[in-house]
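Visitor: Before we start, here is the structure in question, set down as structure tokens.
The values are calculated or read from the model by the stated rules, or taken from the named source; none is laboratory data. Predicted model, so just to flag it, every value in this text is computed and none were measured. Please note: Cβ atoms are built from the backbone with ideal geometry, for glycine as well, and neighbour counts cover all protein chains shown.
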Amino acid sequence: MKSELVRQRVRSRTQLSIADFPDEDIQSACDAALTEFSRQKGKSVYGVINVQQDVDVYPYPTGISKLKEVLYDASVLAGFGLAFAADFPIQLLQNLNVERFGGNVFENPSLSKVFFEKLKNFQESFGTSFQELNTVPKTFRLTPAPQVAGQAYYEGRAKWALVEIYEEDEEVFMKAVLWKVAESRANQISVMQQMSQAGGISFQPANKFWQDQAEKYRKSFELEVGGLAGGVFLG
């Protein structure tokens, strides 16, 4: 979805002129809508990070707002002297292109999700974990620290970008945009009303109209977004 399409739809559906509601205000409403959309509809991102021997603290992967899981690959687990289950051979983890798994899992979002769930189930009994640290920029700690250099796989949450909104989700997203536009317009008029009270000018009817519009779009968005499936992306 493109910014120009969002602006066109806002103008046509609200009849707000550029003088009343500049393009930069629409952009601010769009950004706020993306935050709401991301909060309501999960965007899962899977990827790989390199880990070093005896190093336990690592930076957040780029673009990730929240880490859900970080799991060592087979070579790192082997460094702890762990035994591997017969039904999940080490070769499967070491070679992500094996025919039996259907291809390279980090070139296919569906395979990536399946692979990650298998790896997660496989490691649950080994006691490996991660902890988010209160640092700027964000970092996390792996426990135990890897005993050999290798890789770890992560699952995280990320904010949707406008260009990533699926075509079938555009109308639901537009309701979030219109909610934020109406909310912003109501706030603008509220400020205008406070500044104009001395002159006896009342903006109350217009203020209430936009408040009602914001509430209508908010309820409609939250009702419809609940039925949308989350997205899966590769980091």
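Visitor: In region 64-75, is there at least one residue being assigned to a loop (DSSP other than H, G, I, E, B), within 24 Å of the chain's Cα centre (by Cα) and in the same structural domain as ALA149 (by TED's automatic domain parsing)?
Guide: Yes, that holds for at least one residue.
Visitor: Here is a follow-up. Answer yes or no: is there a residue in region 88-98 that is modelled with pLDDT of 50 or more and exposed (fewer than 12 other Cβ atoms within 10 Å of the Cβ).
Guide: No: region 88-98 contains no residue that is modelled with pLDDT of 50 or more and exposed (fewer than 12 other Cβ atoms within 10 Å of the Cβ).
Visitor: All but one of (1) assigned to a loop (DSSP other than H, G, I, E, B); (2) over 14 Å from LEU67 (Cα atoms); (3) touching a Lys or Arg at 6+ places or on another chain (Cβ under 8 Å) hold for VAL163; state the number of the condition that does not hold.
Guide: (1)
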